[in-house]
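Heads up: the structure comes next, in structure tokens.
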Amino acid sequence: MAIQHPLTLAFGLLGNIISFCVFLAPVPTFYTIYKRKTAEGFQALPYVIALLSSMLYIYYALLKEEFKADATFLITINSFGCVVETLYIALFLFYAPKKARISTLTLAFLLNVFGYGLMMLLTHFLATGELRLKIVGWICLVFSLSVFVAPLGVLRQVIRTKSVEFMPFPLSFFLTLGAVTWFFYGLLIKDYNIAFPNILGFLFGIAQMVLYIVYKNTKKVLEEQPKVQELSEHIIDVVKISSLVCPELSPVVLQPTLDITNDMIQAVQNIIVMAEKTEEAKEAMDIDASTKV
């Protein structure tokens, strides 16, 4: 391993460790799929593209090795990525609905089999030497951008549903951290096909974490909101009944405020006061009736 600069070694090792965590970050997502026994609501596109990106970078790294450039870090982490992403896709296919299974298989065949095979054939027979390395490098750059752009579908789903159920935070966190690490690694070895895509990866990672913070409690609030509304309607019904039983009492008017809990407490207190007044009125009527008798 002919790495001269110690920072290059440090960022290369750190990049491998973080990328290892990135590849394992979707494990909770697939555990959820396993528990539900269905992959409905989840997307396989990020894993298909990530697999293709790992395959491309292995090819790129092997070409770099031909020019005596050390690419050990690229080979090790992307080999691991190929194995893990393949397992993810297999699990998704096993639990996916029929329509999603067919579309995923079609996509995987077009990109990972036909597309990758065609790229290797064309670059092998139509380009040689450094030109082949540059072409494959640009292809890797484009697909690295695709890996970072792929979660845009998930971001759109989070904004539409106001739920982060399908966007695990660990994946977003390690994606951002890994983007920073690989950017500096590519910058140190002067390989901009590695450095440049990670700028976009950093920006998308930040965007995902911001959305997670914004919407992480939304689902819980939406689940509790119908119960609060039901209780409010129940209180209003009680007030109406009280007004019918004792019409001389002033009806309670619920003023809308920002804090619905305070309104509910005030309404309950008013009901208690009305109940006490009703009881007093009833006792007074009983006393008058006994006096007349």
Open item on the list: Could you compute the net charge surrounding Tyr192? Neighbours are other residues with a C-beta less than 14 Å from the C-beta of Tyr192; K and R count +1, D and E count -1.
Closed with: +2
Open item on the list: Explain nothing, just compute: Karplus ³J(HN,Hα) = 6.51 cos²θ - 1.76 cosθ + 1.60, θ = phi - 60°, for every residue of the stretch 127-133 in order, whole Hz, x for Gly and Pro.
Closed with: 9, 9, x, 5, 4, 4, 4
Open item on the list: Let's test this: bin the Cα-Cα distances of the stretch 1-86 at 5 Å from zero up to the farthest pair and state each bin's percent.
Closed with: 3, 13, 20, 20, 16, 11, 7, 5, 3, 1
Open item on the list: Just the number: Rg to Rh for the stretch 6-219, Cα atoms, Kirkwood Rh, two decimals.
Closed with: 0.98
TODO: Pop out the ³J(HN,Hα) list for the stretch 32-47 in order, Karplus 6.51 cos²θ - 1.76 cosθ + 1.60 with θ = phi - 60°, rounded to Hz; leave Gly and Pro as x.
DONE: 5, 4, 5, 5, 6, 6, 7, 9, 5, x, 9, 10, 9, 3, x, 6
Task: Bins of 10 Å, starting at 0 and running to the largest distance - Cα pair percent for the stretch 68-162 - done: 12, 33, 36, 15, 4, 0
TODO: Note down the net charge around Leu62, summing +1 for each Lys or Arg and -1 for each Asp or Glu among other residues with Cβ under 14 Å from its Cβ.
DONE: 0
- [ ] Using a 1.4 angstrom probe, figure out how much accessible area the stretch 6-219 has per residue, in square angstrom, rounded to the nearest whole.
- [x] 51 Å²
Task: Radius of gyration, Dmax [the stretch 150-218; alpha carbons; angstrom] - done: 13.6, 44
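Quick one: in the stretch 47-91, what % of C-alpha pairs are over 17 Å apart?
Numbers: 310 of 990 pairs.
Of the Cα pairs, 31 percent sit more than 17 Å apart.
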Open item on the list: Applying a 10 Å radius around every beta-carbon, put 14-21, 185-192 in order of their mean neighbour count, most first.
Closed with: 14-21, 185-192
Open item on the list: If you take every residue apart from Trp138 with its C-beta less than 13 Å away from the C-beta of Trp138, what net charge results, scoring Lys and Arg +1 and Asp and Glu -1?
Closed with: 0
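The values are calculated or read from the model by the stated rules, or taken from the named source; none is laboratory data. Just so we're clear, the structure is a prediction, and the values are computed from it rather than from any experiment. Every residue, glycine among them, receives a Cβ derived from its backbone with ideal geometry; neighbour counts consider all protein chains shown. Ligands, DNA and RNA are stripped out before the accessible areas are found, and what is left, the full protein with its side chains, is counted by its heavy atoms. Shrake-Rupley method; radii C 1.70, N 1.55, O 1.52, S 1.80 Å.
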